[in-house]
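> Below you will find the structure I want to go over with you.
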């Protein structure tokens, strides 16, 4: 199967962030999701997901913020593991868009949140 990024519909991930699926249930694959995300300058609220996620920074630079106060710089070529239910936030610190490729299991949406600051747990 060949999937072209430009042929995939744009999905919203909130606060101006977007993604396009490369692999998901629509492609007949139910166990994993792969996507390309576009992150504008700025920071998302602290949040967590119900799944383990691995994100590779394709272009741009930023900071990963963890719930224990750590802030770790990331840039093109960085690979980040976000454990399930671990609060985090990915901040784009540049003036241009950051592009990331993400993979997670089980199959869900990159926009899903198990918890987000200032909101009740699901």
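Every number in this text was worked out from the coordinates using simple rules, so none of it is lab data. Given the structure is predicted, the values throughout are model-derived calculations rather than measurements. Note: ideal-geometry Cβ built from the backbone for every residue, glycine included; neighbour counts use all protein chains shown.
> How long, wide and thick is segment 8-108, going by the Cα atoms along their three principal axes, in whole angstroms, largest first?
Computed over segment 8-108, the largest-to-smallest principal extents equal 38, 28, 24 Å.
> Moving on. If packing is taken as the average count of other Cβ atoms within 10 Å, what order do 49-59, 81-91 fall into, highest mean first?
Ranking the peptides 49-59, 81-91 by packing returns 49-59, 81-91.
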